[in-house]
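Engineer: Sharing a structure below in structure tokens format, with a few things to ask.
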Amino acid sequence: MTLLSKQGASIIATGSAVPELCINNHEISKVVETSDEWIVSRTGIKERRILNGINNSITDLATLAAIRALNKISMDPLEIDLIILATSSPNDLFGSASQIQANIGAYNAAAFDITAACSGFIVSLTTATQFIENGVYNNILVIGADALSKWTDWSDRSTCILFGDGAGAIILQSCLPDDKGILGFQLNTNGQKYNQLCLAYKDYYNTSNSLKITQGAFNKITMNGREVYKFAVSQVPESIEKCLYKLDIPIEEINWIILHQANKRILEAVANKLIINNNKFISNLDKYGNTSAASIPLVLDEAVGKQIIQRGQKIIISGFGAGLTWGTIAIQWKY
Ligand code: UT7
């Protein structure tokens, strides 16, 4: 049964921010045994931005991305009803969205974090859409921001070459149901494979007093790259097909596809499986690497800025990663 929505939701602005420090493959090859040739041919990544320095946090980047999105449409932050921050590398495990609320002066907004790694932006945009379609809120700021460089094992060549830091933001606004820009979604989780990609909690004994309580810390990122690769190539096309089937939209009608920017070979394999021309896939992987929850809104903001994405066009965005989680959103661009 399909429930009728009270209102539709459309993206009305985008913004993004990346750190200044740029580290290319040659520099990484001084730290681990690898080469520019290996990294480019196996992943498509040439360089990545890394957050560095004291008092320079992912919350600052997320704040900047949010301000840039607000400025594009001269929106007063007090008009924002809700802020959703997709991140798996917050400044504060209790949540960083509230810091962003204060930073941008969105004092009327509720704010919370969503943790879903590289699917975080898809999960957050889907969540935001529900609040709007139910008629609860009218303006929602959704931010995808991650600094996985903080949690990368810089001695593990199979992961440290991949990740970069960044933030991307969108503003979602209510509209008439018939004018909606967020057309539909499809979400999935396979928790049986959670250990294929983890940033896991570990216990240690605190021996500093007689209580000897076990306390927590986090390990560095571990990934079974081949398994995650196979999962992405098999599941992402299926998710896209399911999403479009529910909406009765033929894949030929899709103008652009933006996948989570993990690996150029994954993008090509998904294009082959869907029998879609590679040039419909927008990518900036070469410049930023895998920025986790930020990767899709970073591409969106860049593509809108370059006027690649045009009003009225249909777009698929699809995220995948730790959990394992994956999902797709179909969008019609409205501005
Ligand atoms: O964002 C969440 C989603 N994440 C992903 O989607 C990541 C998915 N996985 C991948 O993108 C790829 O699996 C990687 C890029 C991580 C690895 O590429 P691969 O083609 O799957 O390489 P592999 O793990 O099968 O390793 C092939 C060889 C190995 O050597 P042997 O065993 O064949 O001698 C590795 O030790 O390449 C070696 N290798 C490297 N060599 C040079 C692994 N990393 C490197 C490296 N430089 N950085």
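The values are calculated or read from the model by the stated rules, or taken from the named source; none is laboratory data. From a predicted model like this one, the values you see are computed outputs, not experimental measurements. Using ideal geometry, Cβ is built from the backbone for each residue, glycine included, and neighbour counts are taken over all protein chains shown. Surface accessibility is based on the protein's heavy atoms, side chains included, excluding ligands, DNA and RNA. Shrake-Rupley method; radii C 1.70, N 1.55, O 1.52, S 1.80 Å.
Engineer: Run the dipole for the stretch 8-179 about the Cα centre, Lys and Arg Cβ at +1, Asp and Glu Cβ at -1, nothing else charged, and hand back the magnitude in debye, nearest 20.
Structural biologist: Dipole about the Cα centre, nearest 20: 280 debye.
Engineer: For the chain, give the percent of accessible area contributed by carbon and sulfur heavy atoms, probe 1.4 Å, rounded to a whole number.
Structural biologist: C and S fraction of accessible area: 50 percent.
Engineer: Compute the FRET efficiency between L176 and V32 as 1/(1 + (r/R0)^6), taking r as their Cβ-Cβ distance and R0 = 56 Å, and round to the nearest 0.05.
Structural biologist: 0.55
Engineer: Sorted by mean Cβ packing within 10 Å, highest first, what order do the peptides 92-100, 176-184 take?
Structural biologist: 92-100, 176-184
Engineer: Report, in listed order, any pair from K193/K306; K46/K150; K150/K230 with a Cα-Cα distance greater than 28 Å.
Structural biologist: As for pairs spanning more than 28 Å Cα to Cα, those are K193/K306.
Engineer: Still on this structure, please answer the following. Can you tell me which of G144, G289, G105 moves the most in a GNM of the chain? Springs connect C-alpha atoms under 10 Å apart.
Structural biologist: The residue that fluctuates most here is G105.
Engineer: Report Rg (one decimal) and Dmax (nearest whole number) for the chain, counting Cα atoms only, units Å.
Structural biologist: 19.5, 67
Engineer: Based on the mean of other Cβ atoms within 10 Å per residue, sort peptides 109-115, 70-76, 321-327 so the most packed one is first.
Structural biologist: 321-327, 109-115, 70-76
Engineer: With Rg and the Kirkwood Rh both taken from Cα atoms, where does Rg over Rh land for the stretch 8-179?
Structural biologist: When Rh is taken as the Kirkwood radius, the ratio is 1.04.
Engineer: May I pose another question? Give me the number: length gained by fully extending Y107 to S41, i.e. 0.36 nm times residue separation minus the C-alpha to C-alpha distance, one decimal in nm.
Structural biologist: Length difference between fully extended and current span is 19.0 nm.
Engineer: Next up: By Kyte-Doolittle mean hydropathy of at least -1.0 and Cα axial length of at least 20 Å, which whole DSSP H helices of the chain are selected?
Structural biologist: 58-72, 225-247
Engineer: Given the stretch 8-179, what percent of its DSSP beta bridges are antiparallel, to the nearest 5?
Structural biologist: Of all bridge pairs located within the stretch 8-179, approximately 70 percent are antiparallel.
Engineer: For K193 and S155, what does the FRET efficiency come to when R0 = 22 Å and r is the distance between their Cβ atoms, rounded to the nearest 0.05?
Structural biologist: Result of the calculation: an efficiency of 0.30.
Engineer: Shifting gears a bit: Mind putting a number on the dipole of the chain about its Cα centre? Charges go on the C-beta only, +1 for Lys and Arg and -1 for Asp and Glu, and I need it in Debye to the nearest 20.
Structural biologist: Computed about the Cα centre, the dipole is about 460 debye.
Engineer: Just the number, please: percent antiparallel of the DSSP beta bridges in the chain, rounded to the nearest 5.
Structural biologist: So the antiparallel bridges amount to about 75 percent of the total.
Engineer: Same structure, new question: With a cut-off of 19 Å, note down the residues of the stretch 318-335 whose backbone N falls inside the zone around a label point 7 Å from the Cα of K242 toward its beta carbon.
Structural biologist: 318-331
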